[in-house]
Structure formats: C-alpha cells, structure tokens
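The values are calculated or read from the model by the stated rules, or taken from the named source; none is laboratory data. For clarity, every value in this text was computed on a predicted model and none was experimentally measured. Neighbour counts are summed over all protein chains in view; Cβ atoms, including those assigned to glycine, are modelled from backbone coordinates with ideal geometry. The area values use the complete protein model at the heavy-atom level, side chains included, leaving out ligands, DNA and RNA. Shrake-Rupley method; radii C 1.70, N 1.55, O 1.52, S 1.80 Å.
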Amino acid sequence: MVSNNFVSSDRIPRRVSFDDIGAFQALVGDLNKNIKHIEKSLDVDISIKGNSVSILGDPGRDEIAEKLLKQLYSLAREAYPIHPADIDQGVRSLLKDPSIKLKDLLRDTVFTSVGKKPITPKTWTQKAYVQAIQSRDIVFGIGPAGTGKTYLAMAMAMASFAKKQLRRIILTRPAVEAGERLGFLPGDLYEKVNPYLRPLYDALHDMIDLDKASRMIERGDIEVAPLGFMRGRTLNDSFVILDEAQNTTSEQMKMFLTRLGYSSKAVITGDITQIDLPEGIRSGLVEARDILGDIEGISFIFFSEQDVVRHPLVQEIIRAYEKMGNGVRSRR
C-alpha cells in the first residue's frame, strides 16, 4: 500500500523528485495504482508527497524501484501510456540487468491506428520476434498462450499493409475439431468455420475499428480462412499468418509453407504444449521446429511464461502446469 509514513528503520529512504507534474501524475496512475503495483512487485514501500516519492525497501530492491520510476517517468514525458504490463516487464528486466533501458523496448512502436493504443513489444523476446519478422521471410513463434505471438504478427502485417509493402493480409488456422465433419455442422460455409477463426477477428478488431476491418475484408485486403483453403494457391505480395500451427499435420504444414510466393512473408505461431491432434499424429509445428532450423531465411523465436502479457495469474498457471508435467502433450 502507498503510505505517508514509513515504519521505523535504520535505512534512509531514497527520495526522487519529478519536475513535470503531468508526467508524474501519469506515472503514479489513477488512485496511485501504478505505485501500488510497483510496491507489490518489488516488496517496497513508496510514499508520495507533492511531486516527489520516497522509497524504502531491502537493499537492491529500493534501487531497482528508483530506476524503474525514473525510466517510466521518462516514457510518460513522451506521452507513453504506462500499463501494468510495462511495470511487470520493467521489474523483470531490471532485476535481471539493472543497466537495461526500458525505452529501447517500449518505444519500439509496431503499429498505431486512430483511436487505438500504440502496439509495442512488451518483452525482450517479443522485440526479438518483431525484429525477426522485419528481417526474415518465414518466422516461427513458439510458446504458451498470452505471449503476443499472433497479436504482434498481425500488428506487423497491418504496418506493412499501411506502408504499401504488400497488397493483402491472409490469416488462417486449422479447424481441427471440425475436421472432415464440417459438412454436418449447421449453416453455410462461413457459419461453419467462423467459430475457429474468431480469435483472429478479435485481434484484428482490437487494432482497427470494426467498420474499417469490415471494409478491408470486403475488398479482399484481409482474408480470413481455414487452412484447408490454402491448398493449390500461390500467395504473392502477401503477409500470411498461420495461427494455432501446433494443430497442423506434417502434410498441412508442408502444404502451407510451399504456398509462399514472391514478395511475401509468413509467420507461423503455436503452442506445442496444447496439441489437439488425435493420438499418434505428429504435429507439423513440432516437425518444422526439428527440420527447418538450419535454413537461412527462417527464424524460430521461442517464448516462455516470462513473456505472458495477460493477467499476472496466467504466468503462475503456466508455471504450475509445467512443474506438474501436465501441460506437455507434444508429439515427438
């Protein structure tokens, strides 16, 4: 909790003053929520008086808190909105390396749309992922849910489209549960496959407003389709994203990768601990990881629970499953 008085201690609190009142208020957050988050994350006490703070905590922790506050304040002065995920990443990064500059990470804007918050990497693995997509034509992002694999790939696709570096974006994923039984589901083809593509639409609508997304889909600038629709096509001048790739078979993965045409990029994302294929069928993503790693022009980026940018409990859930060994279902 934010306090006005520290308990008795032989240690002298670290005191830091901030000149820009507006930036300081943004740093503190509504009802001091950012300060409270820092206190909880680093187990320190922070007292606020005017435009200054006093920090008291164990040696080392109080220094990290001071570095974090100064760096976040610097970002706030540049009108960067401070989010809990930024604080979490700042704490992790500075505990690992106190010399790290958070601005190098958090100011690396990937995509910005009117009325939407800027999309930036939140972890160093995410930054490496963005850089790989910028420099390579085929990139695999492998790791647990919530690490931004598909979201950042879509942001990169939207940025490339805005710069006219390509003429269309193709989003696809396997409809594993439906399989050959799509014909038995009610409705037309769109209604049958739409539930499996819903997460891609959700991410798209989070980046641009609904009307713009609808117009882009109607014009064919954005195509969202099940993986089976890729067979027989050559995808030129396209940014292609294959989501949930852990649920592709070996044949499907090979089919997808060989669709890539001139002036195109492909990003393949998946979590090999959540494979839904029938027992005995090897995941195409696992196989690709094992056989394509040495090919120049292809990058593999591996995420961990440290890269999760969802609710903080998600990290704990992933870590608990890994500890118990219940989360690993990859087909070797």
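So if R0 is 51 Å, what FRET efficiency would Ile12 and Glu279 give, r being the distance between their Cβ atoms, rounded to the nearest 0.05?
Approximately 0.25, to the nearest 0.05.
Restricting to Cα atoms and excluding each atom paired with itself, what does the Kirkwood estimate give for region 83-134 in Å?
11.7
So for region 58-162, what percent of the C-alpha to C-alpha distances run longer than 18 Å?
Counting pairs separated by more than 18 Å, the tail of P(r) holds 51 percent.
Determine the sum of side-chain charges near Ala79: Lys and Arg each +1, Asp and Glu each -1, restricted to other residues whose C-beta is under 12 angstrom from that of Ala79.
+1
Tell me the net charge near Phe256. Cut-off is 15 Å between Cβ atoms, Phe256 excluded, with +1 for each Lys or Arg and -1 for each Asp or Glu.
Values: positive: Arg173, Arg231, Arg233, Lys254, Arg259, Lys265, Arg289; negative: Asp137, Glu223, Asp243, Glu244, Glu251, Glu287.
Once all neighbours under 15 Å are counted, the net charge is +1.
Give Lys127/Lys254; Lys40/Lys149; Lys96/Lys127; Lys33/Lys323; Lys122/Lys164 a once-over and call out the pairs whose C-alpha atoms are over 24 Å from each other.
Violating the 24 Å limit, Cα to Cα: Lys127/Lys254; Lys40/Lys149; Lys33/Lys323; Lys122/Lys164.
So what's the convex hull volume per residue for the Cα atoms of region 1-122, in Å³?
Dividing the Cα hull volume of region 1-122 by its residues yields 100 Å³.
Would you mind getting me the FRET efficiency between Ile21 and Lys164? Use the beta-carbon distance for r and R0 = 51 Å, nearest 0.05.
The computed FRET efficiency comes out at 0.75.
Report the full-extension gain for the segment Asp237 to Asp294: residue separation times 0.36 nm, less the Cα-Cα distance, to one decimal in nm.
Length gained, Asp237 through Asp294: 18.0 nm.
What would the Debye formula give as log10 I(q)/I(0) at q = 0.07, 0.11, 0.14 Å⁻¹ for the alpha-carbon point model of the chain, no solvent?
Scattering profile of the chain, log10 relative to I(0): -0.35, -0.79, -1.11.
With a/c under 1.5 counting as rounded, go ahead and sort region 42-110 into rounded, prolate or oblate using the C-alpha gyration tensor (a ≥ b ≥ c being the square roots of the eigenvalues; past the cut-off, prolate if a/b is larger than b/c, else oblate).
Oblate is the answer for region 42-110, as a/c is 1.5 or above yet b/c matches or exceeds a/b.
Could you please state how large a percent of the accessible area of the chain is carbon and sulfur, counting protein chains only and using a 1.4 Å probe?
50
Using a 7 Å offset from the Cα along the Cα-to-Cβ direction at both Lys96 and Asp221, what is the distance between the two label points in nm, to one decimal?
Placing both labels 7 Å beyond Cα along the Cβ direction yields 3.6 nm.
Springs between alpha-carbon atoms under 10 Å, Gaussian network over the chain: tell me which of Phe303, Phe24, Phe229 tops the mean-square fluctuations.
Per the Cα network of the chain with a 10 Å cutoff, Phe229 tops the list.
What is the packing order of peptides 313-322, 130-139, taking the mean over residues of other C-beta atoms within 10 Å and listing the highest first?
Result, highest mean Cβ count within 10 Å first: 130-139, 313-322.
For the chain, with every protein chain kept in place, what is the accessible area per residue (1.4 Å probe, Å²)?
52
Take the Cα coordinates of region 243-332, assign each an equal point scatterer, and use the Debye formula without solvent to give log10 I(q)/I(0) at q = 0.21 Å⁻¹.
Debye output, listed in q order: -1.11.
Give me the distance between the Cα centres of region 224-281 and region 296-319, rounded to whole Å.
Their Cα centres are 20 Å away from one another.
With a 10 Å cut-off between alpha carbons and a GNM built on the chain, which of Pro144, Pro118, Pro174 moves the most?
In this elastic network of the chain, the residue with the biggest mean-square fluctuation among Pro144, Pro118, Pro174 is Pro118.
Cβ under 14 Å from Asn51's Cβ, Asn51 left aside: what net charge do those residues give with Lys, Arg +1 and Asp, Glu -1?
+2
Comparing Ile298, Ile12, Ile119, which has the greatest mean-square fluctuation in the GNM of the chain with Cα pairs linked when under 10 Å apart?
Maximum fluctuation in the GNM of the chain, among the listed residues, is at Ile12.
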